[in-house]
Each structure stands twice: as structure tokens, then as C-alpha cells.
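The values are calculated or read from the model by the stated rules, or taken from the named source; none is laboratory data. These numbers were taken from a predicted model, which means no experiment stands behind them. Note that we place each Cβ from the backbone using ideal geometry, even for glycine, and neighbour counts take in every protein chain shown. For the accessible areas, the whole protein counts, side chains as well, though only heavy atoms, and no ligand, DNA or RNA atoms are used. Shrake-Rupley method; radii C 1.70, N 1.55, O 1.52, S 1.80 Å.
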Amino acid sequence: LSDGTHQLLWPASRFIVKFINTPNFCPNTLCSEVNSILELGAGHGLLGMAFADVAPKSKTKDTGTKLILTDVEEALPQLQANIHMNREVFRNRVDITALPLRWHSQPTSRANSNLDFILGSDLLYNCSVIPDLVATIRRLEFKKILFSVRVSVNCTIMSLL
């Protein structure tokens with residue numbers, strides 16, 4: 001069962017959203033078009049939606065940027081509500097989907113189809129989840145990764161990737 005951490009808006013997501021909205025972020029981080037994004041541990045979906053809003057899109061593409069927000073099943077009702085509330089803001093620019101994903105399980109093919117970016121913030125609140133998070137990242141097919149993390153001094157990390 002979930003430990004309920006998906007119910008909070010954690011400090012790192014606020015920080016990274018401010019960062020991605022600075023003038024220097026897009027030219028330095030996003031050198032090419034972004035057509036597909038997956039957020040791990042999305043919680044409320046703030047980071048994924050903010051990132052999709054600033055990411056450069058294909059000029060010739062008829063469909064919007066594909067944004068997949070993942071979290072534990074218990075988080076999906078709140079995540080779906082936030083997607084519904086923001087659907088009008090994004091219109092056809094961003095196609096948002098919420099999918100359940102526990103890090104120890106295999107991501108579905110819908111969540112792992114040649115991703116341009118995977119995102120995450122405040123994912124390492126519990127040292128015991130690090131191996132599962134790393135295993136999940138290794139199973140994903142992606143070009144770039146953007147994480148904002150705080151690691152407790154009590155965590156021993158030998159190798160992340």
C-alpha cells in the first residue's frame with residue numbers, strides 16, 4: 001500500500017517548476033523538440049504539466065506533446081482531477097494521461113515508448129525505494145532525464161545508474 005506521500009506538494013517540485021520557468025532553462029536544457037514526457041511519482045502532476053508547458057514542440061506535429069504522469073494507484077483520483085482541471089489550459093498542445101506505476105513493477109508499453117524526457121522530483125524521501133527507482137529508470141527508454149532530489153545523509157548510494 002502507498003505511504004501517502006503522493007498527497008503532498010513537496011518542496012523540490014516547487015523549486016524545479018520555478019527553475020524551468022527561467023529564461024536560461026529552455027536554451028540550455030531543451031536543445032530539441034519534446035514530443036513525449038513521463039513523470040515518475042507525479043503526485044499532483046505539477047512538474048509534468050509545468051514542464052510540458054515550457055517544452056518546445058514540433059512545428060509540424062498535428063498532435064500535442066504526450067505527457068504521461070505516473071504514480072501509485074492510490075494517487076490517480078487526485079491526479080485525474082488535476083488533469084481535468086488543467087485540460088482547457090493545454091487544449092491540444094499537450095495530451096495528458098495518468099497511469100499507475102509502482103517502481104518495482106515493469107512499466108506498461110504505454111508508459112515506455114521512446115520518451116524524450118523522464119522527470120521526477122522529491123522521489124528519494126525513503127532510502128529503501130532507491131533500488132526500485134533505479135530499476136524502473138533502467139527499464140525506461142528515454143533520451144534525457146531531469147530530476148530534483150534531496151537525499152538523506154542516512155542513505156548510502158553505491159551506484160544509481
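Structural remarks
- Calculated FRET efficiency for the pair Asn24/Thr63, C-beta based, R₀ 30 Å, to 0.05: 0.55
- Backbone HN-Hα couplings from phi across the stretch 69-86 [Karplus 6.51/-1.76/1.60, Hz, Gly and Pro as x]: 9, 10, 6, 5, 4, 5, 7, 4, x, 5, 4, 4, 4, 5, 5, 4, 5, 9
- Chain lengthening between Asn126 and Glu33 when straightened (0.36 nm per residue, less Cα-Cα): 30.1 nm
- Proximity of backbone amide H atoms, modeled 1.01 Å from N, is registered between Lys144 and Phe117, Ile118 at under 5 Å, excluding neighbours fewer than 5 places apart on the same chain.
- Amide H contacts under 5 Å for Leu101, placed H, 5+ residues apart: Asp71, Val72, Glu73
- Under the simplified labelling scheme, the Arg93-Lys143 pair shows an inter-label distance of 2.0 nm, with each label point 7 Å from Cα along Cα→Cβ.
- With all protein chains in place and ligands, DNA and RNA left out, the 1.4 Å accessible area ranks Lys66, Lys143, Lys18 as Lys18, Lys143, Lys66, largest first.
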